[in-house]
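Right, one structure below, let's go through it.
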Amino acid sequence: MTTFTEKYFTMTEAEAVDYTKTRLSIFPADAELTCEEIGDGNLNYVFRIRDQKSGQSIIIKQAGPVARISDEFKVSPDRNRIESDILRLQGKLAEGFVPKVYHYDPIMNCCVMEDLSDFDILRTAFLKKRTFPKFADHISTFLVNTLLATSDLVLNHKEKKELVKSFINPELCEITEDLVYTEPFYPCPRNEVFDGTRAFVEEEIWNDKALALETAKLKFDFMTNAQSLLHGDLHTGSIFVTETETKVIDPEFAFYGPAGYDIGNVIANLLFAYVNGRHTLTNEAEREQFCGYILETIKQTIDLFKEKFISAYKREVTEQVASYEGFLDYYLQRIIEDTAAVCGLELCRRVIGLAKVKDVTEIKEPGSRAEAEIFCLKVGKTLILNRQQYSNGEDFIKTIVES
Ligand code: SR1
Ligand code: MG
């Protein structure tokens, strides 16, 4: 029998079953365990262990020493500690919005958690044009609860600095600094530009010095503004949904950064669902219904975030100077500006850079795909350059429908 207490190695499916039998006391002794590796993300291995007798199942998520997407990315398996710790913390701050963590193993760099097999990944559900009327309400609560309560507005500043320390995540931050803030904005060899989009990218993105300067400012803000404990990679592939529930998974990119980073990622990924709907639904009524739902969800996510942030601020803030007249407006406006900018960066990087999204790559007709990509780039550029002009959901919608 394999031992799991001395040395780290990446597990096979059979070893994940052995691990469950010998290291966890979750299933009964006579359980008939089977395992399937179901990970489809860029970084980790995800094993679903099921007892065929009872139907009960768990997830073991193991961090490998390099990213699955490419072994160019050497990423410390310690990210699994970060993920387990933040899931536990978010479970307290936003109860019911993240999977339960049962166990963390610092030798095998794996985390054992609740299996959300009744849920669907939001990106996949959007590709099937399913809609989730409660999503904006749920995600805005998650965002307010996790971003406000971890900031200096609420936390004792020494406690907050301890959290900053324990969530220092240099390697995963470097991936974001490179893939989101740097590479898409110059002809980096790692970019993967679709043929039909290349001329637009060369002329309107790589040749625009004003845009480059703004991305540089934003990169420095990302690296230095330890405002809130972020999820750090809050795209629709990191969100599980049912008709009635929403759960946020995969917070391994967590670190202290600008609060608008998480919100901007949510909005950009809603926009990818929108462009997919625009370019793949041929029936006009269905297209208008789905795209209308996405636009309304974008608007509501921003406006509900603001509304809930304002009430929570009034209830929970402990920092004395935060009660000065005008400070709440100043603080919240900065978050919405950052949201606009990050939404713009995410729109550009998923089109130009290495890590793509299916919403765009699965638009099969090349002319439509180029059109969809150019739309993302135009909206993205506008949001980055004019970020100070955005203060509510309607401002975002205006840019989207006018682009
Ligand atoms: C090397 S990892 C590429 C991308 O996948 C993750 O989900 C993050 O979005 C990262 O930028
Ligand atoms: Mg991920």
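Return the pairs, sorted by first residue and then second, in which the second residue is more than 16 Å from ligand 2 (Cβ to nearest atom), the first residue lies in the range 212-238 and is modelled with pLDDT under 95, the beta carbons are less than 8 Å apart, and the residues are 6+ apart or on different chains.
none
Please find, within the range 227-265, the residue that is surrounded by the most Cβ atoms within 10 Å (Cβ to Cβ) out of those that are within 12 Å of ligand 1 (Cβ to nearest atom) and of a type in the set (D, E, K, R).
Glu252
Give the residue, chosen from Leu281, Leu270, Leu304, that is hydrophobic (A, V, I, L, M, F, W, C), touching a helix residue (DSSP H, G or I) at 6+ places or on another chain (Cβ under 7 Å) and without any contact (Cβ under 8 Å) to a residue 40 or more places away in the chain. Full working, then the answer.
Working: Leu281 fails: without any contact (Cβ under 8 Å) to a residue 40 or more places away in the chain; Leu304 fails: without any contact (Cβ under 8 Å) to a residue 40 or more places away in the chain.
Matching residue, one of Leu281, Leu270, Leu304: Leu270.
Any chance the range 209-225 includes a residue that's within 15 Å of ligand 1 (Cβ to nearest atom) and in contact with a helix residue (DSSP H, G or I) (Cβ under 9 Å, 6 or more places away or on another chain)? Give the steps one after another, and end with the answer.
Going through the range 209-225, the residues within 15 Å of ligand 1 (Cβ to nearest atom) turn out to be 219, 222.
Filter once more, keeping what is in contact with a helix residue (DSSP H, G or I) (Cβ under 9 Å, 6 or more places away or on another chain): 219, 222.
Taking every residue of the range 209-225 in turn, at least one turns out to be within 15 Å of ligand 1 (Cβ to nearest atom) and in contact with a helix residue (DSSP H, G or I) (Cβ under 9 Å, 6 or more places away or on another chain).
If only one of Glu6, Glu13 is touching a strand residue (DSSP E or B) at 6+ places or on another chain (Cβ under 7 Å) and among the charged types (D, E, K, R), which one is it?
Numbers: Glu6 fails: touching a strand residue (DSSP E or B) at 6+ places or on another chain (Cβ under 7 Å).
On inspection, the qualifying residue turns out to be Glu13.
Out of all the residues in the range 129-136, is one or more in the same structural domain as Thr361 (by TED's automatic domain parsing) and assigned to a helix (DSSP H, G or I)?
Restricting attention to the range 129-136, the residues satisfying the condition of being in the same structural domain as Thr361 (by TED's automatic domain parsing) are 129-136.
Okay, now just the ones that are also assigned to a helix (DSSP H, G or I), so 135-136.
Looking through the range 129-136, at least one residue is in the same structural domain as Thr361 (by TED's automatic domain parsing) and assigned to a helix (DSSP H, G or I).
Would you list the helices (runs of 4 or more DSSP H) that sit entirely within the range 337-403 and hold 1 or more residues that are of a type in the set (S, T, N, Q) and surrounded by 24 or more Cβ atoms within 10 Å (Cβ to Cβ)?
none
Of everything in the range 161-198, what is assigned to a helix (DSSP H, G or I) and without any contact (Cβ under 8 Å) to a residue 24 or more places away in the chain? Give them in sequence order.
Listed by number, the residues that qualify are Lys161, Glu162, Lys165, Pro170, Glu174, Asp178, Arg198.
The values are calculated or read from the model by the stated rules, or taken from the named source; none is laboratory data. Not measured: the values here are computed from a predicted model. Every residue, glycine as well, gets a Cβ built from its backbone with ideal geometry; the counts of neighbours run over all protein chains shown.
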